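I have a structure I would like to understand better, so I am pasting it below and will then ask my questions one at a time.
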Amino acid sequence: MTPRRVGLFGGTFDPIHHGHLAIAEEVRVSLELNEMFFIPAGHPPHKPGRVITPVEQRLAMLELAIATNPHFSISLVEVDRPGPSYLVDTLHILREQWGNEIELYFVVGWDSLEELHTWYNPLGILAQLTFLVAVARPGYVEENEYNKQLEARLPGITQRLLVVQAPRLDISSTELRRRVASGKPIKYQVPDAVESYIFQHNLYQTGQ
Ligand code: ATP
Ligand code: MG
């Protein structure tokens, strides 16, 4: 029996945008994954000092955004547990739930790939993944030369790394929050339903 191939895509998703959705679908199709789980962070350890939108609202936007894709789902594994959401613990919990036969592909944008060595127990993260899947992100250089630097910071990473070519959409949640606060449009950068939700709930008025 061929093992189940599952994509995991972690993020704060504050808010989810078309950059996230386009790369998730590209990775899912190009690596022939059975499904893609979006894993919203409960208490992101990388974002101290910023007020994060309550998880209920980030989740509501995620649900609206993925509703039209039968291969996308949400995992509550991080939001359901207190304290900082360390990926190494999340993977451990998922492996306990799903068993070791399953293939796990964790998707990161290039900015997250560059920071991975600063995450808690990065070697423990790599050890539990079938592959780490990186996609380019506008504003971040992904030259081959970079592999050497990645390897120097995190030995073994290049063996576990797949780089997937995906649409390069220069969209970020930080910029979207700023746009809302300054009255600029976000239409076509997020799904229509997410845009409506943001305005109905007066999110991001301060642009934080
Ligand atoms: P913020 O500005 O709040 O950090 P973000 O747009 O970076 O938001 P996150 O929720 O932090 O979104 O990102 C989740 C994952 O998606 C990360 O691995 C990030 O690198 C990746 N990602 C986000 N936007 C893009 C994009 N436009 N292209 C490629 N990767 C992206
Ligand atoms: Mg980010």
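The values are calculated or read from the model by the stated rules, or taken from the named source; none is laboratory data. Since the structure is predicted, the reported quantities are computational estimates derived from the model, not experimental observations. A quick note on method: Cβ atoms are made from the backbone with ideal geometry, for glycine too, and the neighbour counts reach across all protein chains shown.
Would you mind finding the one in Leu123, Leu113 that is out of contact with any strand residue (DSSP E or B) (no Cβ under 7 Å at 6 or more places or on another chain) and closer than 13 Å to Arg160 by Cβ?
The conditions single out Leu123.
Something else about it: Does region 137-152 contain at least one residue that is within 14 Å of ligand 2 (Cβ to nearest atom), surrounded by fewer than 15 Cβ atoms within 10 Å (Cβ to Cβ) and assigned to a helix (DSSP H, G or I)?
No, region 137-152 has no match at all.
Take region 161-174 and flag every residue that is within 7 Å of ligand 1 (Cβ to nearest atom) and exposed (fewer than 14 other Cβ atoms within 10 Å of the Cβ).
Passing the criteria: Asp170, Thr174.
Can you tell me which residue within region 82-114, out of those that are of a type in the set (D, E, K, R) and more than 14 Å from ligand 2 (Cβ to nearest atom), is farthest from the chain's Cα centre (by Cα)?
Here the residue is Glu101.
Every residue in region 1-26 that is among the β-branched types (Val, Ile, Thr) and more than 12 Å from the chain's Cα centre (by Cα), please.
Thr2, Val6 - these are the residues of region 1-26 that are among the β-branched types (Val, Ile, Thr) and more than 12 Å from the chain's Cα centre (by Cα).
Search region 154-208 for residues being touching a Phe, Trp or Tyr at 6+ places or on another chain (Cβ under 9 Å) and of a type in the set (Lys, Arg), and hand back the single one that is nearest to ligand 2 (Cβ to nearest atom).
Restricting to residues being touching a Phe, Trp or Tyr at 6+ places or on another chain (Cβ under 9 Å) and of a type in the set (Lys, Arg), the top hit is Arg177.
Taking Glu56 and the conditions (1) at pLDDT below 95; (2) surrounded by fewer than 18 Cβ atoms within 10 Å (Cβ to Cβ); (3) not in a loop (DSSP other than H, G, I, E, B), which numbered condition does it fall short on, given that it satisfies the others?
Answer for Glu56: the failing condition is (1).
Could you list, in sequence order, the residues of region 60-89 that are part of a helix (DSSP H, G or I) and of a type outside the set (Val, Ile, Thr)?
Ala60, Met61, Leu62, Glu63, Leu64, Ala65, Leu87, Asp89
Looking at Glu103 and the list (1) within 25 Å of His201 (Cβ to Cβ); (2) more than 16 Å from ligand 1 (Cβ to nearest atom); (3) charged (D, E, K, R), which single condition is not satisfied?
Just one mismatch for Glu103, condition (1).
State whether one or more residues within region 6-16 are surrounded by fewer than 23 Cβ atoms within 10 Å (Cβ to Cβ) and away from ligand 1 (no atom under 13 Å from the Cβ).
yes
Condition first: at pLDDT below 95 and within 16 Å of ligand 1 (Cβ to nearest atom). Now tell me which residues in region 81-100 satisfy that.
Within region 81-100, Pro84, Ser85, Tyr86 qualify.
Could I ask something else about it? Could you grab the pairs with beta carbons closer than 7 Å, sequence gap of 6+ or different chains, first residue in region 161-178 and β-branched (Val, Ile, Thr), second one exposed (fewer than 15 other Cβ atoms within 10 Å of the Cβ)?
Close Cβ pairs (under 7 Å, with a partner that is exposed (fewer than 15 other Cβ atoms within 10 Å of the Cβ)) amount to Val164/Ser30.
Residue check: is Phe37 more than 16 Å from ligand 2 (Cβ to nearest atom), buried (at least 16 other Cβ atoms within 10 Å of the Cβ), under 10 Å from the mean Cα position of the chain (by Cα) and among the aromatic types (Phe, Trp, Tyr)?
So Phe37 passes the test.
Please indicate, with yes or no, whether at least one residue in region 19-36 is more than 10 Å from ligand 1 (Cβ to nearest atom) and in a strand (DSSP E or B).
yes
Restrict the check to region 166-185 and report whether at least one residue is more than 20 Å from the chain's Cα centre (by Cα) and among the β-branched types (Val, Ile, Thr).
Yes, region 166-185 contains at least one residue that is more than 20 Å from the chain's Cα centre (by Cα) and among the β-branched types (Val, Ile, Thr).
Further, regarding this structure: Step by step: first the residues of region 187-208, then only those that are over 16 Å from Thr53 (Cα atoms) and in contact (Cβ under 8 Å) with a residue 60 or more places away in the chain, then the one that is surrounded by the fewest Cβ atoms within 10 Å (Cβ to Cβ). Which residue is that?
Tyr188
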